[in-house]
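This report concerns only the one structure given below.
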Amino acid sequence: MNRDEFKIILLGDTHVDKTSIAIRQSENFFSHSSKPTIGANQLISKVKVNNREIELVLWDTAGQEEFNALIPMYLRNSSCAIIVCAANNQQTIYNIPKWYTMLEEMTVTPPCIVAINKVDLLADQVQDVENIRQKLENRYKNIIFVSALTGYNIGLLFDTVAQNCLMEKVPDTSEFAVMQSQKRNSCC
């Protein structure tokens, strides 16, 4: 990837609308008929940060349990991860630590943002958002509430992703592994 191109991986349970978030960002469109992702899909999004155009390669991963073994492969060389859960589904919120643990097991852990999707479906939006925030804010630094359906905060989410990518430039782990191997094999 070139200097201003970053690999972004979207993680999370099935039916949290990771695909819808990626499509909303890349095409500014919401599809009511998206099908579950098999493996992973890629979309491209361009974001401007400090008058600089950044290309985000969005990796939309499958949330079904049978595809979890593939996640570490998709995570390799990612610049940022977005863990997506659904505001109207408590189980997806409880599963955030599972996805976060997968990130922490990487040789180089990319920055992570938690995206709480489907805020448009909350009955008492203000109170429900505050309750979710209180549950998560002690563990996760970046939490953004979004709606792929309405587009609410999707721009903010990906602007934050792009800023994190520029600040944290994660090294290519394949190069890192080669450098580490060369260090071990040198005599001096």
Next item on the list: Answer with yes or no whether residue 135 is modelled with pLDDT of 80 or more, closer than 29 Å to residue 88 by Cβ and under 16 Å from the mean Cα position of the chain (by Cα).
Entry: no
Next item on the list: Taking residue 164 as the residue in question, decide whether it is among the polar types (S, T, N, Q) and modelled with pLDDT under 95.
Entry: yes
Margin query: Cβ-Cβ under 7 Å, sequence separation 6+ or interchain: first residue in segment 136-157 and in contact (Cβ under 8 Å) with a residue 12 or more places away in the chain, partner of a type in the set (Ser, Thr, Tyr). Which pairs?
Written below: 142/160; 144/160; 146/152; 148/20
Checklist line | Matching residues, segment 92-148, being β-branched (Val, Ile, Thr) and assigned to a strand (DSSP E or B) | finding: 113, 114, 116, 143, 144
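The values are calculated or read from the model by the stated rules, or taken from the named source; none is laboratory data. For clarity, every value in this text was computed on a predicted model and none was experimentally measured. Note that we place each Cβ from the backbone using ideal geometry, even for glycine, and neighbour counts take in every protein chain shown.
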